[in-house]
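The values are calculated or read from the model by the stated rules, or taken from the named source; none is laboratory data. Since the model is a prediction, treat every value here as computed from it, not as a measurement. So basically every Cβ, Gly included, is an ideal-geometry build from the backbone, and we count neighbours across all protein chains shown. Each accessible area value is taken on the protein alone, full model and side chains, heavy atoms only, with ligands, DNA and RNA left out. Shrake-Rupley method; radii C 1.70, N 1.55, O 1.52, S 1.80 Å.
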Amino acid sequence: MSKETNSTAELLKKSAVSRYLQLASLFRQRIDSGEWAVGERIPTVMELAEQCGVASMTIRQALDQLEKDGLIERFRAKGTFVKARKPKDLWCEVNTDWSGMLMARTDAQIEILEDRRNVDLPSHEGPLYATAPSYRHLRRRHARDGAAFLLADVYIDERLCQYIPEEAYSHLTAMRLVADIPSLEIRDARQIVTVGIADLSVATELDIAIGDPVARVDRIVVSQQGEIVLLARGIYRGDMMRIEVKLR
């Protein structure tokens, strides 16, 4: 067994995620990076099984995921070929400044999956501030060209909802929903980004594999009275988001 095979096999053992899902992510990276070029025949199932130190059935399950995503094609007696790479123009920029967070992508669609009234604010990261008596909770899914890239839970101070037009919830960014309220004075606003992996619920909503990388983004807006008027908890697909910060 080669050194590379040993290394891959050890990494697979260290994760609780199913091996075929780990391998599917690994193979997607090979396609995204160009290591497996579009139109190129990839190694056979047996060759990949030997390279990765796993059973051939595990490789077939991983390739099934790639075929489902439209990234590869299989031909009897010819082999498996790379069909496409993920379009790079689907990347979603996660803004790091206030003005950027107010701008919605003009080509993005926002679907409201759930809308509940008078709920409590969930636990969250960041400094401790007072909470409002109750919140309106919306779960929204953002998509572009039919591909979902963001799943967001938005909590808005129930007292402020009377100032927000209903149509705004399916068009504006979470920050913009409260920023446009003339009577609201904002004392603090911050963004916290952490990296994680998709669980079953997130994987289903964003059409990705369990264990795929995601970025969790919490955005908090605090009123002049020291109360949290907005908490937006977003989960971005790791393969469709990026953060760019100008340093000088």
Flag for residue 143 being without any contact (Cβ under 8 Å) to a residue 40 or more places away in the chain and outside any loop (DSSP other than H, G, I, E, B)
yes
task: Tell me, yes or no, whether segment 231-245 has at least one residue that is in contact with a Gly (Cβ under 8 Å, 6 or more places away or on another chain) and acidic (Asp, Glu).
output: no
Across segment 29-47, the tally of residues that are part of a helix (DSSP H, G or I) and closer than 24 Å to residue 213 by Cβ stands at 5
Those residues of segment 146-162 that are surrounded by 14 or more Cβ atoms within 10 Å (Cβ to Cβ) and within 17 Å of residue 135 (Cβ to Cβ) come to a total of 10
Report yes if residue 204 is in a strand (DSSP E or B), surrounded by fewer than 16 Cβ atoms within 10 Å (Cβ to Cβ) and polar (S, T, N, Q), otherwise no.
no
Condition set over 23 Å from residue 123 (Cα atoms) and outside any loop (DSSP other than H, G, I, E, B), scope segment 210-248, selection least open to solvent (accessible area, probe 1.4 Å): answer is 240
By residue number, the members of segment 197-224 that are touching an Asp or Glu at 6+ places or on another chain (Cβ under 9 Å) and either on the phi > 0 side of the Ramachandran plot or without any contact (Cβ under 8 Å) to a residue 12 or more places away in the chain (or both) are 203, 207, 211
Apart from one, (1) at pLDDT 95 or above; (2) assigned to a helix (DSSP H, G or I) all hold for residue 133; the odd one out is (2)
When restricted to 174, 209, the only residue of a type in the set (A, V, I, L, M) and touching a Leu at 6+ places or on another chain (Cβ under 6 Å) is 209
When restricted to 83, 3, 68, 13, the only residue in contact with a Leu (Cβ under 8 Å, 6 or more places away or on another chain) and either at pLDDT below 85 or open to solvent by 80 Å² or more (accessible area, probe 1.4 Å) (or both) is 83
* Test residue 58 against the criterion of being modelled with pLDDT under 80 and surrounded by 15 or more Cβ atoms within 10 Å (Cβ to Cβ), and give yes or no. => no
All conditions in (1) surrounded by 12 or more Cβ atoms within 10 Å (Cβ to Cβ); (2) in contact with a Pro (Cβ under 8 Å, 6 or more places away or on another chain); (3) not polar (S, T, N, Q) are true of residue 195 except (1)
Of the residues in segment 191-248, those that are within 16 Å of the chain's Cα centre (by Cα) and among the basic types (Lys, Arg) come to 216, 219, 233, 237, 242
- Among the residues of segment 160-174, is there at least one that is of a type in the set (Phe, Trp, Tyr) and modelled with pLDDT of 90 or more? yes
